[in-house]
Amino acid sequence: KLFEVFIYTMGERHYAYEMASILDPGGKLFANRIISCDDSTERHRKNLDVVLGDSRVVLIVDDSLAVWHQHQRNLLVPERYHFFPTSAASFGIAESQAWLLRSHSTQRDAFVDRSIANDLAVDGGNNRDEVAFEDEGTSHGQ
C-alpha cells in the first residue's frame, strides 16, 4: 500500500459519509478515514493533528486555502469547480462564465476522471487494477 486517502471536510459527519459513499461506493479508497467538523480541533480550520501519520509526508488537496492556517507547504489548491451558477456568483463569477467554464471543462474532466480512477483503482485493497471506460462507444484502458 503506497498511500492512504482521507476525506476531510468542514461539513458535518453525515455529509462526509454521504460524499464518501458517492466517491467510493465500495469503501476501498477511504475506508473509515473520514474527518468532519465534529472531529476537528479548531472551529472553521483544518489541521493535520487529527490525521494519523507524519505531516511531512502528507499531500493536501483542497480548494480552500483559507481553512489551512498551518501546513500550507503541504497544500495543493486546485481551481474551484462551480456547478451551480449561484456558487459561481458568490465568488464573483458571472453566470454566463460559469456555464462556459463548465462546458469547456467537460473533455478535460472526462480525461482526469479516467486517469484518477485508473491510478486509484484497487483490487481487494492490495493490487492496482486497470479500469476500462466506455466513451462514445470506444473502450479506453490506461
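The values are calculated or read from the model by the stated rules, or taken from the named source; none is laboratory data. Every value quoted in this text rests on a predicted model; they were computed, and no experiment measured them. When we count neighbours, we look across all protein chains shown, and the Cβ atoms used for this are built from the backbone with ideal geometry, even at glycine. Surface accessibility is based on the protein's heavy atoms, side chains included, excluding ligands, DNA and RNA. Shrake-Rupley method; radii C 1.70, N 1.55, O 1.52, S 1.80 Å.
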Selection over the stretch 30-47 where residues are of a type outside the set (Gly, Ala, Ser) and open to solvent by less than 40 Å² (accessible area, probe 1.4 Å) yields a count of 5
How about the stretch 60-98: which of its residues are within 14 Å of the chain's Cα centre (by Cα), at pLDDT below 90 and surrounded by fewer than 10 Cβ atoms within 10 Å (Cβ to Cβ)?
-> Pro78, Glu79
When Val50 is evaluated against the numbered criteria (1) open to solvent by less than 70 Å² (accessible area, probe 1.4 Å); (2) under 24 Å from Phe91 (Cβ atoms), which criterion, by number, is the only one it fails?
-> (2)
Go through the stretch 19-29 and give me each residue that's surrounded by 15 or more Cβ atoms within 10 Å (Cβ to Cβ) and among the aliphatic types (A, V, I, L, M).
-> Met19, Ala20, Leu29
Tally time: how many residues in the stretch 29-59 are modelled with pLDDT of 90 or more, over 17 Å from the mean Cα position of the chain (by Cα) and basic (Lys, Arg)?
-> 1
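For the stretch 1-24, name all the residues that are aliphatic (A, V, I, L, M) and over 21 Å from Thr41 (Cα atoms).
Keep residues of the stretch 1-24 that are aliphatic (A, V, I, L, M), which gives 2, 5, 7, 10, 16, 19-20, 22-23.
Correct list: Leu2, Met19, Ala20, Ile22, Leu23.
Going by what's in this entry, would Ser40 be described as among the polar types (S, T, N, Q), out of contact with any strand residue (DSSP E or B) (no Cβ under 6 Å at 6 or more places or on another chain) and touching a residue at least 12 places away in the same chain (Cβ under 8 Å)? Even if it seems obvious, please write down each step before you answer.
Numbers: among the polar types (S, T, N, Q): yes; out of contact with any strand residue (DSSP E or B) (no Cβ under 6 Å at 6 or more places or on another chain): yes; touching a residue at least 12 places away in the same chain (Cβ under 8 Å): yes.
For Ser40, the condition - among the polar types (S, T, N, Q), out of contact with any strand residue (DSSP E or B) (no Cβ under 6 Å at 6 or more places or on another chain) and touching a residue at least 12 places away in the same chain (Cβ under 8 Å) - is met.
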Candidate set from the stretch 1-26 (those that are modelled with pLDDT of 90 or more, assigned to a loop (DSSP other than H, G, I, E, B) and more than 12 Å from the chain's Cα centre (by Cα)); member that is farthest from Ala66 (Cα to Cα) = Gly26
